[in-house]
1. Examine region A:67-84 for a residue that is touching a helix residue (DSSP H, G or I) at 6+ places or on another chain (Cβ under 8 Å) and touching a residue at least 40 places away in the same chain (Cβ under 8 Å), and state whether such a residue exists.
2. When only residues in region A:66-93 that are of a type in the set (Val, Ile, Thr) and within 24 Å of residue B:37 (Cα to Cα) count, which is nearest to the chain's Cα centre (by Cα)?
3. Please go through region A:95-111 and give me each residue that is in contact (Cβ under 8 Å) with a residue 12 or more places away in the chain, facing chain B (nearest Cβ under 10 Å) and assigned to a loop (DSSP other than H, G, I, E, B), ordered by number.
4. Within region A:25-65, can you find the residues that are within 18 Å of residue B:106 (Cβ to Cβ), within 10 Å of the chain's Cα centre (by Cα) and aliphatic (A, V, I, L, M)?
5. Going through B:54, B:104, B:76 one at a time, which residue ends up being of a type in the set (A, V, I, L, M), within 21 Å of residue A:93 (Cα to Cα) and either facing another protein chain (nearest Cβ under 10 Å) or under 11 Å from the mean Cα position of the chain (by Cα) (or both)?
6. Here's a check for you: in region A:1-21, which residue that is modelled with pLDDT under 95 and among the polar types (S, T, N, Q) is surrounded by the most Cβ atoms within 10 Å (Cβ to Cβ)?
7. Among the residues of region A:59-80, is there at least one that is of a type in the set (Lys, Arg), within 8 Å of chain B (Cβ to nearest Cβ) and surrounded by 15 or more Cβ atoms within 10 Å (Cβ to Cβ)?
8. Condition (residue is within 14 Å of chain A (Cβ to nearest Cβ) and either under 13 Å from residue B:36 (Cβ atoms) or charged (D, E, K, R) (or both)) applied to region B:59-66: is it met by at least one residue?
Amino acid sequence: SQQGEEDPQALSIQEGENATMNCSYKTSINNLQWYRQNSGRGLVHLILIRSNEREKHSGRLRVTLDTSKKSSSLLITASRAADTASYFCATEGTSGSRLTFGEGTQLTVNP
Amino acid sequence: NAGVMQNPRHLVRRRGQEARLRCSPMKGHSHVYWYRQLPEEGLKFMVYLQKENIIDESGMPKERFSAEFPKEGPSILRIQQVVRGDSAAYFCASSPRGTIGNTIYFGEGSWLTVV
């Protein structure tokens with residue numbers, strides 16, 4: 001399996017509901033980042049959480065990191081139709097120098 | 001301060017032709033990364049370059065693919081004798097230093113279609 005695996009692969013919810021996506025990884029990390037990608041577009045950086053942090057908030061986003069389980073979750077609260085996109089986690093290993101991406105979660109928020 | 005600029009945004013090539021993708025990093029950034037994204041998949045690391053040096057090419061296919069980041073000008077990802085399986089989005093990212101943290105910025109990607 002790959003470093004940085006997200007689940008679920010796809011998630012469909014109604015506007016106003018919360019969306020939770022999970023990411024697991026295999027090796028030690030410096031940090032874990034979440035990105036968003038709209039169809040046919042580039043990546044938008046959402047939030048970074050360092051290996052010594054357990055939780056971080058940014059607006060409607062909440063990210064947790066459990067280094068003992070090598071997992072992270074991204075929670076989007078009060079979702080909007082405009083949140084429809086693919087969400088990827090990416091890890092920077094302790095040797096630095098690159099990010100390793102997961103396969104992504106396709107989120108659909110229905111109006 | 002312009003972001004990471006990639007061109008062309010869309011490129012169509014026939015099998016056997018060459019594809020050249022260009023990436024101009026953000027001003028002041030000397031570290032460039034290339035990633036490939038196949039349809040419905042995540043981004044896969046290809047190569048990491050600094051000016052005039054390839055630092056890590058462990059993700060590059062052994063044949064037909066090459067990358068450079070010359071002293072002057074953009075970074076170039078070159079794919080020779082393209083095949084249908086090369087059809088993908090190719091993303092470039094840049095950073096001012098090798099330890100990325102939150103300093104990496106991605107371009108909008110170059111979509112290659114091989115017909």
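The values are calculated or read from the model by the stated rules, or taken from the named source; none is laboratory data. These numbers were taken from a predicted model, which means no experiment stands behind them. FYI the Cβ positions are ideal-geometry reconstructions off the backbone, even for glycines, and counts take in every protein chain you see.
1. yes
2. Pass one, region A:66-93, residues of a type in the set (Val, Ile, Thr): A:67, A:76-77, A:84, A:91.
Now restrict to residues that are within 24 Å of residue B:37 (Cα to Cα): A:84, A:91.
Details: A:84: 14, A:91: 10 Å.
That would be A:91.
3. A:96, A:102, A:103, A:104
4. A:32, A:46, A:47, A:48
5. B:104
6. Applying the filter and picking the extreme gives A:3.
7. Scanning region A:59-80 turns up no residue that is of a type in the set (Lys, Arg), within 8 Å of chain B (Cβ to nearest Cβ) and surrounded by 15 or more Cβ atoms within 10 Å (Cβ to Cβ).
8. At the first step, the residues of region B:59-66 found to be within 14 Å of chain A (Cβ to nearest Cβ) are B:59-60.
Right, trim to either under 13 Å from residue B:36 (Cβ atoms) or charged (D, E, K, R) (or both) and you get B:59-60.
Yes.
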